[in-house]
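Chemist: Sharing a structure here in structure tokens format.
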Amino acid sequence: METGVITHDRERAWPGYTLYCESWEDPRRSPDGKGEILLIDMDGQTVHRWYVETALQSFCRLLPDGDLLYPTRDRSDIMRAGVRRLDPQSNVLWWYHCRVDHDYQVFDDGRLLLHTIRDHMWPQLGRGLKRCPYMVEIDADQELLWEWHGEHHLEELEALLPPDAWDHVWTRIKEEFVFDWAHNNTLQIIPDNATWERTQADGDERFRPGNIVFSYRSLDVIGVIDRSSSEIVWAWGPGVIDGQHKPHMLPSGSILLFDNGTMRGFSRVIEVDPLAVEDDGDGIVWEYRDEDPGAFFSPYISGGQRLANGDTLICEGNKAHLFEVTREGETVWDFVNPHRKEGALGSIYRCLRYSPEYCQGLFDRI
């Protein structure tokens, strides 16, 4: 497969810098003992590189001042696992020790909202050890402010889903994903959005800014957690989506997600109206898929980002393939990672594009 920038429509692609890295079990297996996090320009040239010495889940976040947050992988050495803040020279400024898993969010005041995991017994889910979603909020001093346990909210999920959807969920829990029954891969904070503006007058609090979108990949379920009550207040997905990643609410009030199609055999990126799916089950308002179903397929990982010009940046993670498509589905930027290192897994979990203005805090320090 050709690597580097394959397509770049300079008139229509949204200009900026893309942050990504390969997934690592342990960078110490590489010749130099280090993993890399890369920020590239629209021509695929590396404009900055951070080095890490721990496992890496490949979802990094550039901060406005030029520092960077990165998490280890969920299967990391527990003694080294957690979230780290790096300066532009890759020095570790701050470390929170936890079993961070797949996703996290950062607030302007230094608070972090983290998705982690806990393995323990929970008889309602069946016999033996169960891996359960566990969300925590901490402040800059690492004090625990809030926590949420997924296993405590099964009844809410059952009440929200139609009977056939719940049958799908319960079969997955009991027969197919007996240990890692939920495999939540998302923790996304709802922003100001048009769905909230339309529904709040009727007392509908579900899509209030600050609530949390989650994604139970094992169950083909996405949902919303009410931040104040900790209850699951909206859920959808079985029979429509398959092994999904990174559902998140857009300012328009719809939810964008990468629908992996793990069992289906092809992937797509869809935008869903959460109110319409409740009415008739078909609330998909936009979809990207390839005309050749097998040509766009990442059975695991991956994600999408809606850009300021309305385009969508897609990470086809298993192929280390990043590309930008217009609303009409035309590719205006296409990139396959050429920066491969011995010892890495070769996949890209997610990527993020930042504007030149946002990156200035970094550029001022390098």
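Chemist: Kindly provide the set of residues from the range 41-57 that are free of Cβ contacts under 8 Å to residues at least 24 places away in the same chain and not in a loop (DSSP other than H, G, I, E, B), ordered by number.
Modeler: The answer is 49, and nothing else.
Chemist: Within the range 185-194, can one find any residue that is touching a residue at least 60 places away in the same chain (Cβ under 8 Å) and part of a loop (DSSP other than H, G, I, E, B)?
Modeler: Yes, some residue in the range 185-194 is touching a residue at least 60 places away in the same chain (Cβ under 8 Å) and part of a loop (DSSP other than H, G, I, E, B).
Chemist: Which residue is nearest to residue 94 (Cα to Cα), if the candidates are limited to the range 106-149 and must be outside any strand (DSSP E or B) and in contact with a helix residue (DSSP H, G or I) (Cβ under 9 Å, 6 or more places away or on another chain)?
Modeler: Out of the qualifying residues, it is 122.
Chemist: Is it the case that some residue within the range 289-306 is among the hydroxyl-bearing types (Ser, Thr, Tyr), farther than 20 Å from residue 188 by Cα and in contact with a Phe, Trp or Tyr (Cβ under 9 Å, 6 or more places away or on another chain)?
Modeler: Yes; the residues of the range 289-306 include at least one that is among the hydroxyl-bearing types (Ser, Thr, Tyr), farther than 20 Å from residue 188 by Cα and in contact with a Phe, Trp or Tyr (Cβ under 9 Å, 6 or more places away or on another chain).
Okay, residues lined up against (1) out of contact with any Leu (no Cβ under 8 Å at 6 or more places or on another chain); (2) modelled with pLDDT of 95 or more; (3) surrounded by 18 or more Cβ atoms within 10 Å (Cβ to Cβ); (4) assigned to a loop (DSSP other than H, G, I, E, B):
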{"residue": "322", "(1), (2), (3), (4)": "no, yes, yes, no"}
{"residue": "329", "(1), (2), (3), (4)": "yes, yes, no, yes"}
{"residue": "339", "(1), (2), (3), (4)": "no, no, no, yes"}
{"residue": "342", "(1), (2), (3), (4)": "yes, no, no, yes"}
{"residue": "347", "(1), (2), (3), (4)": "yes, yes, yes, yes"}
{"residue": "358", "(1), (2), (3), (4)": "no, yes, no, yes"}
{"residue": "362", "(1), (2), (3), (4)": "no, yes, yes, no"}
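Chemist: Going through the range 255-270 one residue at a time, which ones are in contact (Cβ under 8 Å) with a residue 24 or more places away in the chain and either part of a strand (DSSP E or B) or buried (at least 24 other Cβ atoms within 10 Å of the Cβ) (or both)?
Modeler: Across the range 255-270, the qualifying residues are 255, 256, 257, 258, 260, 267, 268, 269, 270.
Chemist: Can you tell me how many residues in the range 61-80 are part of a loop (DSSP other than H, G, I, E, B) and free of Cβ contacts under 8 Å to residues at least 60 places away in the same chain?
Modeler: Summing the residues that are part of a loop (DSSP other than H, G, I, E, B) and free of Cβ contacts under 8 Å to residues at least 60 places away in the same chain in the range 61-80 gives 10.
Chemist: For the range 14-42, enumerate the residues that are of a type in the set (Ser, Thr, Tyr) and surrounded by fewer than 20 Cβ atoms within 10 Å (Cβ to Cβ).
Modeler: 30
The values are calculated or read from the model by the stated rules, or taken from the named source; none is laboratory data. In this text, all values refer to a predicted model and were calculated from it rather than measured experimentally. Cβ sites come from the backbone with ideal geometry, for glycine too, and all protein chains shown count toward neighbours.
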